[in-house]
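K.L.:
Questions regarding the structure given below will be posed in turn.
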């Protein structure tokens, strides 16, 4: 439902955008500041906190030994989970994951999985029996818009920060050896999200823009500029032209971000 | 709660029934048309769809290898589950099974189990360790009354259509061999449901009759005309005379249905 | 929320207490009558029913063979669970355990665990693999106040009544031998609960007192008069002086109860 | 109902607990046993130990569930975790959900539902120990709790099962007979009105055996009905006495 | 999307089920198949078998969820336990919850949501058998069920996936192509308005391949749209005939 | 509390992290750290890292839960899956449910509950990393978030645990001391009023040790109280500065 306040703001935001401007002063294709801190949760195997403007997302990576899936006996297991904890926004409720947190987790998961950022076969300990299970837990701490891009960045930063204890297998038992080995990432999938407002596209929508947008489009690309995940959201639509335009911008923006963060393979 | 419309209809239905007639033109002990299609879900080990008038029920049988129950180490496992999916009726809600779907599944289960229609010891692979687990999933697609009888027929038809892959056990491992073996049924339990309306019994009540009935009585009999399951439902009662009358009619009606369907052992 | 009736009663109870009297005639530090019946559930390995005034609590102990926790491979497992079943009070709702039943179970659990009443290492069958699991199920049948003390007494009485089948381990399999061995308790932790009403402490509050109390304090002590568990409840507070006073009274009262029940180690 | 060939009836025609085929287990009923409930009762039937409590009539939340012309009867049949051989999880099982429904439908015909429109009555049944035939004993005891709560009723509902063990039709099956026997048929009955309010059966019975079992169960119900009335009278008398 | 090196396209350029790269699977659609729903439809696309039903517009409970200026569209995508190779638990999986959301958001742009303020429409989708591309087939069939229910719509929504198998961009992936192929891109489209209402992708595609796949998928949508209209016409004609 | 005979106090009387028995861990508190919440605060105490947010006073749904004469305080203590050694499932554990209750009851005496009848205040606590004593740190930080939200309070609540390790009464137990030590006693305190609002204990303490531990914990609370006030002052000053 749109309140009158929102309608007024929508008009204002739309008018600005039609002039190529935004309420917070950014250009249409400009990201908010990105700040990344890694290794802040010492008890996790990997962790990172991302600030995208005022949007704040923390990701912790925990590693356990478990069983592989039946259809991929030689691969480790990657599990992405997201919690929209209620301190992050008055619109988040305590309780089991809703469709928004599930979509968030699955979109981040697809980017990592399809780009093969994590070398899952390397996480196999004993084929069909024992593998490493990576739990990537996304924890949204403050919601000021564009949770997908912030979460994807935080998940990647946490995985880059992840280390696995050294071990050897003796008679089917895992023996832990001294030291750790960093998890080497094979790709840096970057999600770029567009909001369509008054038939114009902007990147990295913040909360006020999300409240008035017609639809959302996220395009994740890998280091070679190939698309590895796409997700349309919201109750509006896109033209083919808008989609192709967004895809091209996504490739460029992702390259920019990768460069700025020094994430190059 | 009975709305005024329902009260008027109740009066009309009751008056007709006291003259031996029904709103849809049937005799008191007459079933609606039964149409059965088998094998429609190719990915299931067995399947069938039953149309009982406009009531439509689909059943799929899936087979997995699992563990036997502790107290029956030499028997396969039979599991009957029912879902009243919300597309079938405006009165069905999405969510976990409620008392109606649980009762439906348990009544169908009892008919199959007590008549020993499925030879459970034959589904044992390794006593105490590995057995076949049969999942019989009842899926109600359109609710126009008498779900029990339609579901019991659909479950039986799906089981008659079920085939198990050939296998041999080598060193405790199951090795699949080419070909399939049909699941042979040992009995054809047929559920016959009565509605009591204005102190008269009718068989196979349709939706309008169910809305005004006082109570429901289901009697399931096997090929030898023996009773193998009974369930009274609804907030009314029956006299002993009505019960015995129903039991006799149930035996006859079940015989008729078995004959019409060609289901004879 | 306090209704007007409750406010009036609160005033009355408070006035009495300031004169050292209580609505049901007891002294401030006087318990209601304690009646204990043991062994009433023949199918449980141990059982007891406690009447504390009109408060009625039943506890059943069931024993199963299971796995130890990873961090205590040589200890049996003790599990305390409480159900506030809705027949016990108009304020109890059916459904999964709420914060009140969880707090109740955990406070009783802590008393037993910290006093080492049950010798957990003795319940180990095979270190790291098989241990006895004790399920202590608290079942509140009538709620007339002070559920914690009544439940702690009932749990202890049921454990004192518990017997474990004799067994020997042959090739990793448990073989049951004839006869039973009683579970020997090593301590008798007694919970003493105080209500603070109008800045005065009373022990063993009954329902009317609980409805008007400011806060609750439970102090559990062992046979040597040492404190082994404390729990403050309710939305009020205590002074340090009140806490120390309560601790001393708790030690005395527990000694009295242990003596009255003949529970001495 | 499995059909292991154990002998459940000995050469003297007696059952494993020494009863004759048409004999009830020892039954003890008591009314008004809980102080908080509006009505309550307790039953021991063999080793079954069951408590029932009634709360109501009372307001219904959420209100849109209330009925304008009658009350809503709600019923929960629940087993204590320690009531059976293997510990039962506290979450309601499918069996408990079905039994809650059939027990409610067995009690409903006895109640003048139209007396208190827009209200609800809750019947809570707690099986503290189970020994076969708990649904019948639950109906028997819940019916007393309803009467104790002063709910206007057409009649008490008494319930009892009959069944078949070793080719013999027997009354009031205990746990082993229920599990090893070849048929179990629980019946609830209102003796004054002569009508059956619960009827279930699993097992295998010929039409003739079925009729015999129904009649034997009803006979059991009538005997239990006498005990129900006696229990109510006992409470009524004790109240009168304490009033004098 | 794994990348096992199986051959999904043979030397004649045909796919494992004999189709050309730009060929749809056989599709059968039928409208008005359920008697209780306000609107309903059924689709078979390859081995996919999917039913959709629409209930509404109707009142919303609890009322504080109703919107003062538009209706609420609710959507449940659900799979039968027997619809897939390994039995699926009846509880909704994370995948089903995500698909319920994206399917709803694909249908919403087609509906005049402001026509019935304060009401709700329920779309229930049941996948009876799944064979790849169920979300697209679900949108296609749900859109027909909405039309059958008389919900005012801007256009029908048709949906179809394209993807990449063995370096070839192909249309309407079936199960094996979806699992073994290297990209899957489902699209929903309103042909009259020329806009995309669902777009997802997983796999790896260059920008050029992506554009080609989007266009191929839209081409598939247009062909499916023709079948949707034909199915509505068939029902309309049969109603008119039965009225005459 | 197990009683393994490890040495937690060395020959110099220092603890495993080098602290004296009556020494707090390093504590860092910050107020107003989240932009969406009405009030928020962050604490680091040893390796504990905990965020608290307050929303409210606000309307309560469903309305029949509202109180006519006071507000309702709701509190959720929750741990991130990555906050502990073994990954924690996101579903609330029994421990989290109990702690949510005792933390709420520790905060409630500080709040003028009657100021906003019919409303609710939500306190959300997220433990990002746990290192022993999280319930005390949670109360400390939640109390600051309440003050930051402008909720009228009698006093700040400060919390700290004392306990016994190696026969010594020590202040502010960290994880290992909590697990291996022989008693843990968390206390919450309102220094201005001199009253205890949370008191729990598990382990074994004589009466004398108990008194000593209570007093040591209260002493810790007072020192933490000073840091709380300083953190509020820091925020107040920084606001004033930015306003000038």
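K.L.:
Here are some residues: E:80, E:110, E:66. Which one is more than 14 Å from chain B (Cβ to nearest Cβ), farther than 13 Å from residue E:122 by Cα and out of contact with any helix residue (DSSP H, G or I) (no Cβ under 9 Å at 6 or more places or on another chain)?
P.N.:
Just a single option satisfies the conditions, and that option is E:66.
K.L.:
Return the only residue of C:226, C:216 being farther than 27 Å from residue C:51 by Cβ and touching a strand residue (DSSP E or B) at 6+ places or on another chain (Cβ under 8 Å).
P.N.:
C:226
K.L.:
Among the listed residues B:176, B:164, B:138, which satisfies the condition of being over 19 Å from the mean Cα position of the chain (by Cα), in contact (Cβ under 8 Å) with a residue 40 or more places away in the chain and part of a strand (DSSP E or B)?
P.N.:
Being over 19 Å from the mean Cα position of the chain (by Cα), in contact (Cβ under 8 Å) with a residue 40 or more places away in the chain and part of a strand (DSSP E or B) holds for just one of B:176, B:164, B:138, which is B:164.
K.L.:
For segment A:49-84, which positions are assigned to a loop (DSSP other than H, G, I, E, B), in contact with a strand residue (DSSP E or B) (Cβ under 8 Å, 6 or more places away or on another chain) and within 13 Å of chain F (Cβ to nearest Cβ)?
P.N.:
Answer for segment A:49-84, where residues must be assigned to a loop (DSSP other than H, G, I, E, B), in contact with a strand residue (DSSP E or B) (Cβ under 8 Å, 6 or more places away or on another chain) and within 13 Å of chain F (Cβ to nearest Cβ): A:54, A:84.
K.L.:
Another one. Among A:131, A:140, A:108, A:118, which is the only one that is within 30 Å of residue A:23 (Cα to Cα) and more than 14 Å from chain F (Cβ to nearest Cβ)?
P.N.:
Every option except A:108 fails the conditions.
K.L.:
Next up: Test residue E:126 against the stated conditions and say whether it is within 14 Å of chain B (Cβ to nearest Cβ) and either modelled with pLDDT under 95 or touching a helix residue (DSSP H, G or I) at 6+ places or on another chain (Cβ under 8 Å) (or both).
P.N.:
yes
K.L.:
In addition: Does segment A:236-265 hold any residues that are modelled with pLDDT of 95 or more and in contact with a helix residue (DSSP H, G or I) (Cβ under 7 Å, 6 or more places away or on another chain), and which are they?
P.N.:
If the condition is that a residue be modelled with pLDDT of 95 or more and in contact with a helix residue (DSSP H, G or I) (Cβ under 7 Å, 6 or more places away or on another chain), then A:236, A:237, A:240, A:243, A:244, A:247, A:248, A:251 are the ones that fit.
K.L.:
Here's a follow-up. So, restricting to strands (runs of 3 or more DSSP E) that lie completely within segment C:179-265, which ones have at least 3 residues that are crowded, with 17+ Cβ neighbours inside 10 Å, away from chain F (no Cβ under 11 Å) and in contact (Cβ under 8 Å) with a residue 60 or more places away in the chain?
P.N.:
It comes to C:190-197, C:200-203.
K.L.:
Hey, another quick one. Please go through segment D:5-35 and pick out each residue that is within 14 Å of another protein chain (Cβ to nearest Cβ), surrounded by 17 or more Cβ atoms within 10 Å (Cβ to Cβ) and either without any contact (Cβ under 8 Å) to a residue 12 or more places away in the chain or over 22 Å from the mean Cα position of the chain (by Cα) (or both).
P.N.:
none
K.L.:
For segment B:74-83, what are the residues that are under 19 Å from the mean Cα position of the chain (by Cα) and surrounded by fewer than 21 Cβ atoms within 10 Å (Cβ to Cβ)?
P.N.:
B:77, B:78, B:79 - these are the residues of segment B:74-83 that are under 19 Å from the mean Cα position of the chain (by Cα) and surrounded by fewer than 21 Cβ atoms within 10 Å (Cβ to Cβ).
K.L.:
Name the residues in segment E:60-81 that are part of a loop (DSSP other than H, G, I, E, B), within 21 Å of the chain's Cα centre (by Cα) and in contact (Cβ under 8 Å) with a residue 12 or more places away in the chain, would you?
P.N.:
Answer for segment E:60-81, where residues must be part of a loop (DSSP other than H, G, I, E, B), within 21 Å of the chain's Cα centre (by Cα) and in contact (Cβ under 8 Å) with a residue 12 or more places away in the chain: just E:80.
K.L.:
Tell me, which helices (runs of 4 or more DSSP H) lie completely within segment F:131-244 with 2 or more residues that are out of contact with any helix residue (DSSP H, G or I) (no Cβ under 6 Å at 6 or more places or on another chain), surrounded by fewer than 18 Cβ atoms within 10 Å (Cβ to Cβ) and within 11 Å of another protein chain (Cβ to nearest Cβ)?
P.N.:
In segment F:131-244, F:207-243 are the helices (runs of 4 or more DSSP H) which contain 2 or more residues that are out of contact with any helix residue (DSSP H, G or I) (no Cβ under 6 Å at 6 or more places or on another chain), surrounded by fewer than 18 Cβ atoms within 10 Å (Cβ to Cβ) and within 11 Å of another protein chain (Cβ to nearest Cβ).
K.L.:
How many residues does segment F:178-196 contain that are touching a strand residue (DSSP E or B) at 6+ places or on another chain (Cβ under 7 Å) and at pLDDT below 95?
P.N.:
Residues in segment F:178-196 being touching a strand residue (DSSP E or B) at 6+ places or on another chain (Cβ under 7 Å) and at pLDDT below 95: 3 in total.
K.L.:
Next up: Which condition number does residue B:99 fail, the rest of (1) within 14 Å of chain E (Cβ to nearest Cβ); (2) without any contact (Cβ under 8 Å) to a residue 12 or more places away in the chain being met?
P.N.:
Single failed check for residue B:99: (1).
K.L.:
With the condition kept exactly as written, say whether any residue in segment A:9-28 is part of a strand (DSSP E or B) and modelled with pLDDT of 95 or more.
P.N.:
no
K.L.:
Residue by residue through segment E:89-102, note down the ones that are in a loop (DSSP other than H, G, I, E, B), more than 9 Å from chain B (Cβ to nearest Cβ) and under 18 Å from residue E:50 (Cβ atoms).
P.N.:
E:93, the sole residue that qualifies.
K.L.:
Another question, then. Provide a single number: the residues in segment C:1-13 that are surrounded by fewer than 16 Cβ atoms within 10 Å (Cβ to Cβ) and within 30 Å of residue C:255 (Cα to Cα).
P.N.:
0
K.L.:
Would you check if residue C:101 is under 29 Å from residue F:180 (Cα atoms) and either at pLDDT below 95 or within 19 Å of the chain's Cα centre (by Cα) (or both)?
P.N.:
Taking the combined requirement at face value, the residue satisfies it.
K.L.:
Looking at (1) over 29 Å from residue D:218 (Cβ atoms); (2) at the interface with another protein chain (Cβ under 10 Å from one of its Cβ atoms); (3) surrounded by 18 or more Cβ atoms within 10 Å (Cβ to Cβ), which one does residue D:57 not meet, given that it meets all the others?
P.N.:
Residue D:57 satisfies all of (1) over 29 Å from residue D:218 (Cβ atoms); (2) at the interface with another protein chain (Cβ under 10 Å from one of its Cβ atoms); (3) surrounded by 18 or more Cβ atoms within 10 Å (Cβ to Cβ) except (2).
K.L.:
Please go through segment B:19-45 and pick out each residue that is surrounded by 12 or more Cβ atoms within 10 Å (Cβ to Cβ) and more than 14 Å from chain E (Cβ to nearest Cβ).
P.N.:
If the condition is that a residue be surrounded by 12 or more Cβ atoms within 10 Å (Cβ to Cβ) and more than 14 Å from chain E (Cβ to nearest Cβ), then B:21, B:22, B:23, B:26, B:28, B:29, B:30, B:31, B:34, B:36 are the ones that fit.
The values are calculated or read from the model by the stated rules, or taken from the named source; none is laboratory data. From a predicted model like this one, the values you see are computed outputs, not experimental measurements. Every residue, glycine as well, gets a Cβ built from its backbone with ideal geometry; the counts of neighbours run over all protein chains shown.
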